[in-house]
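Here the structure comes first, spelled out in structure tokens, and everything after it is commentary.
The values are calculated or read from the model by the stated rules, or taken from the named source; none is laboratory data. Quantities reported herein were computed from a predicted structural model and do not represent experimental measurements. Here the Cβ positions follow ideal geometry from the backbone for every residue, glycine too, while neighbour counts run over all protein chains shown. For the accessible areas, the whole protein counts, side chains as well, though only heavy atoms, and no ligand, DNA or RNA atoms are used. Shrake-Rupley method; radii C 1.70, N 1.55, O 1.52, S 1.80 Å.
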Number of protein chains: 2
Amino acid sequence: MSTQSVVTAIRVLEAVSDNQPAGLSELSREVDVPKATVLRMLRTLGELGWVAQSEAQAGKWVLTNHAFAVASRGSSGSVIRDAAMGPLNALQLDTTETVHLAVPDRGYMLIIERLDTPHVLRAFLPLGSRLPMHASSTGMAYLSAADEAFVDDYLAGPLEALTPQTVVDPARLQAMIADTRARGYSINEQGLSTGITSIGVPLLGSGGVAAGSISISGPSSRIVPAKYQEYGEAAAGTALEISRALGAFSTKGY
Amino acid sequence: MSTQSVVTAIRVLEAVSDNQPAGLSELSREVDVPKATVLRMLRTLGELGWVAQSEAQAGKWVLTNHAFAVASRGSSGSVIRDAAMGPLNALQLDTTETVHLAVPDRGYMLIIERLDTPHVLRAFLPLGSRLPMHASSTGMAYLSAADEAFVDDYLAGPLEALTPQTVVDPARLQAMIADTRARGYSINEQGLSTGITSIGVPLLGSGGVAAGSISISGPSSRIVPAKYQEYGEAAAGTALEISRALGAFSTKGY
DNA sequence: AACCAACGGTTCATCTAGTGAACCAGCGAC
DNA sequence: GTCGCTGGTTCACTAGATGAACCGTTGGTT
């Protein structure tokens with residue numbers, strides 16, 4: 001790989017992101033690069049306005065909002081977001097529950113948009129959250145549309161349990177994926193966060209490959225089994241509309 | 001500045017962000033670096049998963065979601081966001097209008113959080129949007145709490161008009177900032193986007209320095225002058241609560 | 001149909017600029 | 001008092017970044 005100082009800098013940046021607020025020695029260990037080099041990177045990134053020393057704790061480094069500003073323009077303006085926002089807005093108004101738009105990122109589902117419920121009791125998932133695929137309805141929905149090799153690969157990796165309800169058994173997860181495929185939507189009952197239930201549906205991009213997913217989520221007291229089908233079908237309809245806009249079923253082109 | 005290849009790489013990254021989807025020559029001109037170097041940077045950033053060639057247009061580069069995922073953790077987990085979310089949630093429920101949380105970033109206001117209105121007619125501002133300070137209620141609120149030198153400096157720069165209603169005259173803007181200070185909240189009537197009105201209030205961080213702002217916004221048909229005072233005072237109350245949590249009025253420490 | 005200018009991408013000799021082992025000073029635990 | 005950790009500094013060495021000049025294509029003009 002060329003331009004290794006750039007590689008080091010980005011690895012430092014990601015390490016800061018993962019360990020905020022992070023100390024110098026800690027980062028040095030994390031990216032396995034001498035402290036002097038890490039410090040030089042931090043200072044350079046600092047001059048560029050991407051990281052800064054924490055005000056609260058001197059010597060600890062944090063990402064700045066500027067990094068967020070630059071990177072946000074990645075997902076906004078993206079094809080999938082533009083295609084999704086209209087239908088998603090309608091889905092939110094229809095169901096009155098919180099809806100999310102998620103795309104895959106290195107084995108996690110990355111939440112790139114959210115439209116809130118008006119209910120007083122609401123779950124809160126900041127944008128940019130990364131959810132394990134097996135522990136979220138968006139993730140299971142995505143897996144149900146992803147190719148087999150990817151799924152097997154994912155299920156072979158270590159699967160963390162986030163709550164007592166999180167399913168981590170690969171065989172059971174395979175069965176759940178099959179159910180999702182048959183039913184058209186995934187259901188996650190408190191597997192991500194206690195007291196939260198959500199329903200997910202995959203989105204297909206051009207060529208019909210899995211591109212992301214959408215979900216409806218809320219407190220388990222409101223998202224009860226009696227509503228699963230209604231919400232699942234509503235989300236599936238919305239997803240179909242988005243997938244169509246993404247050219248999933250287009251015959252011209254390929 | 002040291003580690004210049006890193007500087008170049010980041011500048012390329014920011015240029016991609018600003019010009020998406022961006023071509024090689026375009027980027028080369030933008031950052032004033034030879035094409036060969038820009039290309040090397042793009043490839044390195046590509047291997048790291050931060051940029052990729054656009055699927056739609058070969059040879060055009062775009063930011064990936066991974067960049068978003070890494071950088072998102074900058075604002076989430078930040079002191080201001082944590083302090084703001086609770087009170088902001090209450091404010092949204094109270095007013096039923098969309099509320100925003102914004103922080104300054106290089107002369108713009110950066111939207112880092114949003115809580116949606118349940119109304120069918122709703123404005124939509126993606127997170128990560130950067131708004132000119134003089135054209136937004138969040139920006140004017142921030143300016144009303146910023147120190148004089150900063151304000152003068154900002155008003156001296158070129159001020160773009162986003163709509164026919166955008167005020168760009170420095171003298172008038174100074175007067176509006178004074179009004180905001182006296183009143184406790186800023187009002188922006190269609191200066192950012194036609195048909196949208198919003199009310200902003202500054203947030204103070206530790207030591208009482210301007211740290212960001214919050215706003216209530218919606219269609220001008222709903223956010224009418226008769227409601228300005230009610231919303232302004234509600235937002236001011238919320239802002240006070242947040243500023244207090246940020247240690248703006250703390251006597252210990254300084 | 002011949003031209004031109006711009007595009008994305010490649011090459012390679014030059015020498016700048018990034019590296020990292022060894023080094024401080026300061027702090028808290030025991 | 002001293003050990004082990006922290007954040008931070010120094011500097012000789014050479015690995016690795018640089019950029020002018022190049023190529024093959026494409027799309028618009030005349």
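Scanning segment B:61-70 finds no residues that are more than 23 Å from the chain's Cα centre (by Cα), open to solvent by less than 50 Å² (accessible area, probe 1.4 Å), within 16 Å of DNA strand D (Cβ to nearest atom) and not charged (D, E, K, R). Collect the residues in segment A:34-50 that are of a type outside the set (A, V, I, L, M, F, W, C) and assigned to a loop (DSSP other than H, G, I, E, B), keeping them in residue-number order. Across segment A:34-50, the qualifying residues are A:Pro34, A:Gly49.
May I ask you to verify whether A:Leu115 is modelled with pLDDT of 90 or more, open to solvent by less than 10 Å² (accessible area, probe 1.4 Å) and within 11 Å of another protein chain (Cβ to nearest Cβ)?
Yes; evaluated as a whole, the condition is true for this residue.
Listed residues A:Val70, A:Val62; which is at pLDDT below 90 and more than 30 Å from A:Ala245 (Cβ to Cβ)? That would be A:Val62, the only listed residue that is at pLDDT below 90 and more than 30 Å from A:Ala245 (Cβ to Cβ). Can you name the residue in segment A:115-149 that is in a helix (DSSP H, G or I) and without any contact (Cβ under 8 Å) to a residue 24 or more places away in the chain and is also nearest to A:Ser243 (Cα to Cα) among such residues? Here the residue is A:Glu148. Only one entry in A:Leu143, A:Leu131, A:Leu110 is facing chain B (nearest Cβ under 8 Å) and within 15 Å of the chain's Cα centre (by Cα), namely A:Leu110. Among the numbered conditions (1) in contact with a Leu (Cβ under 9 Å, 6 or more places away or on another chain); (2) in a helix (DSSP H, G or I); (3) without any contact (Cβ under 8 Å) to a residue 40 or more places away in the chain, the only one that B:Asp152 does not meet is (1).
Quick check, is B:Gly237 in the same structural domain as B:Ser129 (by TED's automatic domain parsing) and touching a Ser or Thr at 6+ places or on another chain (Cβ under 9 Å)?
no
Are any residues in segment B:34-43 crowded, with 18+ Cβ neighbours inside 10 Å and in contact with a Leu (Cβ under 9 Å, 6 or more places away or on another chain), and if so, which ones?
B:Val38, B:Met41, B:Leu42 - these are the residues of segment B:34-43 that are crowded, with 18+ Cβ neighbours inside 10 Å and in contact with a Leu (Cβ under 9 Å, 6 or more places away or on another chain).
Within segment A:34-51, work out how many residues are near DNA strand C (Cβ under 10 Å from one of its atoms) and either more than 10 Å from every other protein chain (Cβ to nearest Cβ) or touching a residue at least 60 places away in the same chain (Cβ under 8 Å) (or both). Residues in segment A:34-51 being near DNA strand C (Cβ under 10 Å from one of its atoms) and either more than 10 Å from every other protein chain (Cβ to nearest Cβ) or touching a residue at least 60 places away in the same chain (Cβ under 8 Å) (or both): 5 in total. Considering only segment B:61-107, how many residues are under 16 Å from B:Leu125 (Cβ atoms) and at the interface with another protein chain (Cβ under 7 Å from one of its Cβ atoms)? Matching residues across segment B:61-107 total 3.
Checked against (1) in contact (Cβ under 8 Å) with a residue 40 or more places away in the chain; (2) open to solvent by 10 Å² or more (accessible area, probe 1.4 Å), B:Pro164 meets all criteria but (1).
If you go through segment B:71-100 and pick out every residue that is free of Cβ contacts under 8 Å to residues at least 40 places away in the same chain, farther than 28 Å from A:Ala15 by Cα and open to solvent by 30 Å² or more (accessible area, probe 1.4 Å), you end up with 4.
Looking at the structure I just gave you, is A:Ala141 more than 23 Å from A:Arg73 (Cα to Cα) and open to solvent by 20 Å² or more (accessible area, probe 1.4 Å)? No. Among the residues of segment A:167-217, those identified as over 18 Å from A:Glu97 (Cβ atoms), touching a residue at least 40 places away in the same chain (Cβ under 8 Å) and of a type in the set (S, T, N, Q) are A:Thr180, A:Ser206. Restricting to segment B:6-33, name every residue that is open to solvent by 20 Å² or more (accessible area, probe 1.4 Å), within 13 Å of DNA strand C (Cβ to nearest atom) and not in a helix (DSSP H, G or I). Answer for segment B:6-33, where residues must be open to solvent by 20 Å² or more (accessible area, probe 1.4 Å), within 13 Å of DNA strand C (Cβ to nearest atom) and not in a helix (DSSP H, G or I): B:Gln20, B:Pro21, B:Val33. Would you check if there is a residue in segment B:81-93 being under 13 Å from the mean Cα position of the chain (by Cα) and either modelled with pLDDT of 90 or more or not assigned by TED's automatic domain parsing to the domain that holds B:Pro158 (or both)? Within segment B:81-93 (the criterion being under 13 Å from the mean Cα position of the chain (by Cα) and either modelled with pLDDT of 90 or more or not assigned by TED's automatic domain parsing to the domain that holds B:Pro158 (or both)), the answer is no, since none of the residues qualifies. The numbered conditions (1) within 7 Å of chain B (Cβ to nearest Cβ); (2) without any contact (Cβ under 8 Å) to a residue 24 or more places away in the chain are all true for A:Ser17 except (2). With respect to (1) in a helix (DSSP H, G or I); (2) within 16 Å of DNA strand D (Cβ to nearest atom), the lone exception for B:Ala58 is condition (1).
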